[in-house]
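Here the structure comes first, spelled out in C-alpha cells, and everything after it is commentary.
Bear in mind that the values in this text are calculations on the coordinates, not laboratory data. Remember, it's a predicted structure, so these values are computed and weren't measured experimentally. Note that we place each Cβ from the backbone using ideal geometry, even for glycine, and neighbour counts take in every protein chain shown.
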Amino acid sequence: MKILALKKGSPYRASLLKSSLFKLRDYYKSRGYFSAQIGEPEVVEKKDRVYITIRIEEGPRKTVTSLEIRGNRKISSETIKKILGLKPPFPYDEEVFGEREYRLLSIYADSGYPYMELKREFKDLGDDSLRLIYNVREGPLVVVSGYKIVGVKRVRRRIVEREIVIKPGTPYNSTLLIESKRRIYSTGLFSSVRHEIRELSPQGDSVLILFVLEEVKPGFLNLGFGYHSPTDLQAKFAVGHLNVFNNGQRAEFHASLLHDLKQFRRKRFEVHYSEPYFLGFRLEARGLAYYYQDMDEEVEEVGIDFQLRKVISKNFRINSSVGWTGVLK
C-alpha cells in the first residue's frame, strides 16, 4: 500500500514499521472505518529477507445519509450543497470533505467574505449512518479601500498599476488578487511579488492591500562557448534590457557564430523587441529582425517577423503574425 513507509526491497527498520502502523490506522479512520482493527505485524526473517504480515479487520464504513447547512446568509443552503457536490448518501472521506470545503471557502473569498469560517460536525444516527452539519460563519463583507505598492525603485509605478485587476471600492476577491500578482510577476521586472492585507477598521470590513515587490536588474548579458566538432568552435552572445523606455518594453540582441579556425562558417544575428501594451491596449506586440549566413549550405538571408498576441483568459490566447524573408545569396 502507498500509505506504508516500508517499500519492497528497501532496508528493514523496526521504527519505520511502527510509524507505518500509525499511518495505516489514521488512514482507515479518515475513510470512515472507525472500528477498523490493525493487528500486530508478524515479522519473519529468512536469511537477508524480512517478510511482514499485517492482518486488518476493516469493519463497517460510516455513511453520511443527511447533510445540513447552518448559519449561512449570503449563499443559500441549496447552492452551498451544489458547490460542495455532496449528495447523501455518500461514504465518509475526510480527503473529499477537505477538497469540497476549500471550494466553498474560495467562492466566499471571491465574493468579499475572506474571513468566512466553516466548521464540520457529525451526529451519529445509528446503523453506521451520520448526519453531516456544516456551521457557517460568514464574517463581514470586506471592501478593498485601496492598495499600496512597496519596493519599486527603478520601475515606474504605472507599469505595476496597470497589471492590478483588483480595484479600490470593490469587494475583496482572492482570485483577482492572485491574478494581479501573476500579471505583475509576468512582466519579468520583479524577482518576488507578494502581498499583505491590512485591516483599516475594527470590524475588518475595510482593507488595504500592500504589494511588496523586489526588482530585478533590467539589463543582462549572456555569453556561451563550446565546440560543434573537434575543429568547429561555437559562440553565443546575448545582451538586452527588460525595460528599455521604462514602460515595460524589452529589447534584445542575439548572436550565434560557428568558426572552423579559418573562417566563420555560420552566422546568425537577431534583434528582438516587444511591447506589452501596443497602441495603449493590452495587446502584446513582438518584432524580430535577423541576418543568417551558412557557408556550407551557401545561404545568406535576412528577415523580419511581427506578431500580435491577445490574452483572452488563462487558457485562451489569440495570435496573429506576418513575416518577410529576403534571400541575398
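Values for this structure:
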item	result
Crossing angle, helix 14-30 versus the chain [Cα axis fit, 0-90 degrees, rounded to tens]	80 degrees
Cβ-placed point charges (K, R +1; D, E -1), dipole of the stretch 237-329 about Cα centre in debye, nearest 20	520 debye
Amide H partners (placed H, <5 Å) of F190, local residues excluded	V216
J(HN,Hα) series, the stretch 316-327, from Karplus relation 6.51 cos²θ - 1.76 cosθ + 1.60, nearest Hz, glycine and proline x	9, 9, 10, 10, 9, 9, 9, x, 9, 10, x, 8
Cα-centred dipole magnitude for the chain, charges only on beta-carbon of K, R (+1) and D, E (-1), debye, nearest 20	560 debye
Calculated [θ] (222 nm, deg cm²/dmol) that DSSP helices of n ≥ 4 give over the chain, each run adding -39,500 (n - 2.57)	-5500 deg cm²/dmol
Whether the chain is rounded, prolate or oblate, judged on the alpha carbon gyration tensor where a/c under 1.5 counts as rounded	oblate
Stretch gain in nm, segment S10-E301, where the contour uses 0.36 nm per residue and the Cα spacing is subtracted	98.8 nm
DSSP-defined beta bridges in the stretch 57-158 - what % are antiparallel, rounded to 5	60 percent
Net dipole in debye of the stretch 178-296 [+1 Lys, Arg Cβ; -1 Asp, Glu Cβ; about Cα centre; nearest 20]	260 debye
Among F34, H228, H241 - extreme Cα towards positive end, dipole of the chain, charges at beta-carbon	F34
Dipole-positive endmost among F90, L328, Y290 within the chain (Cβ charges, Cα centre)	F90
